[in-house]
Each structure stands twice: as C-alpha cells, then as structure tokens.
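Below: one structure, written as structure tokens.
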Amino acid sequence: MEKITNVMEYEPLAKEKLPKMVYEYYASGAENEWTLQENRNAFSRILFQPRILVDVSNIDTATTVLSFKISIPVMVAPTAMQKMAHPEGEYATARATSAAGTIMTLSSWATSSVEEVASTGSGIRFFQLYVMKDRNVVAQLVQRAERAGFKAIVLTVDTPRLGRREADIKNRFALPPHLTLKNFDGLDLGRIDGTNDSGLASYVAGQVDQSLSWKDLKWLQTITQLPIILKGVLTAEDARLAVQAGAAGIIVSNHGARQLDYVPATVMALEEVNQIALM
C-alpha cells in the first residue's frame, strides 16, 4: 500500500475496506448533508497570511487545555463504536493519542469501556456523556470515569433527539451482534434491538433525556469534582449562558453535521463564540 501523506487519503481507503453500513455510519451527516459539506468548504475559505523573515528554527506547538499541557493544539473527539472499524477500536486510539501527547475523549457509546481504555496505559482522557433519563445510570458512568482516572466530563448538549441520518435509515443500521456498548454492560438499560429498522436510533431516543436543560448541568456539578465541558455550542448566546452556569470549557461543534442540517459550519461559528471568552 502506498504511504499515506494526507489525512484526506484515509476516507477512500475506509470506503474500500469497510462494510457499506459501517462506512456510511461514520461518514454520513444529517438529512441532505448540506452542513456536512459546509464543514469542509468553510475551511477552504479561511486563508493564511504568511509573514516572512521570522526565525522558525525552534518551533513549539504545545498548548494547554484545562491546565493540561498537550503537544499540539489538536485533540481527539469522541467517536462512537470504533471496533466496527477495527478490532482494536478505542484501545488503538487511546495508545496513539497518548503517544502523540494529546487528549482523547472517549464516547459514551464506545465499544470499549472506561476501564479498558484506562488499562492501555497513561494518558490524558476525558469522558463524553449523554444524560440519560435514569440519573442513577448517569451517576454510575461519571463515577466509573472518575475511578478510571479520566480528567473531565464532556457533556454533549446538542442531542436531545438523534439527528435524521438518512444513510443509517436506508442501511437499517444496527450495531454488529459481536459488539456491545461496553460502558453500559451490566446496567439496566435493555439492549439495542438489531432487528428493528431503526435499531440504534430507537434505542438512543428511548434512553437519552429529551428534557435536558441548564438545571441538569447544575445537578451534574453536584455529583462530580471533575471539570465539565459543554460540547455542541454554536452561538454566542449559549456560550454566555454556559459561562454563567459554571462550565469549565466549551466545545464549538455541530456534531460533525450529524444532528441538525443547515446550521453553520463549526469553524464559522467559532469566531462568534470566541468573543465571549474575550469579554
């Protein structure tokens, strides 16, 4: 195989090697996928303004996130069900992220548990959380993440309902039977119905709390000492409310265009949201 020299080269290789249902789960967006394309197009409209005659013989790309030093200003976002792509799944991601000296955020819907990811060795890890109707389940997940040495909770706030991902509907997406959502093993949540046309969608819709609001952030702050980051902010108004509510950080995100179509590209929303941090 030819050496990969550009991150965009992974996508055609993935399409070639993965089952259609799995590839389209990872690659697709919501509805007409306008925002999915806009996420990519928006970056092409941002141009560099290079300066010349600057000493670049010693470059340091390190920065800090919540006081944690990382080697580059790039982190690994939570991505569900990674073992559908490779048997190592989240294990490999955890090892690679640690080797790169940056932060991995583990998805609630991972096919490896917080304990399993922690067993791969040292590294800075955050845990992404969906708030379920059963708050006891939420508390158990948070406590397990704390015990496993995770350093922050990343609360996803843009998914009161699962986005209409038409590729998943057409493919009748269901988690392959040899895999489970490992963070929920042993918890009384029922099982994903792989025979149902909507499979995962109906499961998530039935368990995620659609009434989630700012009061639940306050509740979450009472059950953990870990900093809480809100993921899914797209407007200055919500960023301001997040700061007022005591969020430790904000992740500007449109969920990879998988939730609501015809919203701004994430990078286009960044400037507006960033103004709150500068106030």
Practice task
Let me see the pair-distance distribution of the chain: every alpha carbon pair, 5 Å bin width, integer percents in order.
Solution key: 1, 5, 10, 15, 19, 19, 15, 9, 4, 2, 1, 0, 0
Exercise for the section: Return a whole-number percent for the relative contact order of the chain, with Cα pairs under 8 Å and 6 or more residues apart as the contact set. Expected result: 22 percent
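Could you calculate the FRET efficiency of residue 224 with residue 92 from 1/(1 + (r/R0)^6), where r is the beta carbon distance between them and R0 is 30 Å, rounded to 0.05? Mind showing how you got there, number by number?
Values: r = 28 Å, r/R0 = 0.93.
After rounding to 0.05, the efficiency reads 0.60.
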Exercise for the section: For every helix of n ≥ 4 consecutive DSSP H residues, a contribution of -39,500 (n - 2.57) applies; sum these over the chain, divide by its total residues, and give [θ] at 222 nm rounded to the nearest 500 deg cm²/dmol. Expected result: -10500 deg cm²/dmol
Problem - Estimated distance in nm for a label pair at residue 161 and residue 237, the labels positioned 7 Å out from Cα along Cα-to-Cβ - result: 1.9 nm
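Kindly work out what percent of the DSSP beta bridges joining two residues of the chain are antiparallel, to the nearest 5. Can you show the working numbers first?
On the way: 4 of 21 bridges.
Once the DSSP bridges in the chain are tallied, antiparallel ones form about 20 percent.
Here, each number is a calculation from the coordinates, and none is a lab measurement. These figures come from a predicted structure and were not determined experimentally. No Cβ is skipped: glycine too gets one built from the backbone with ideal geometry, and neighbour counts run over all protein chains shown.
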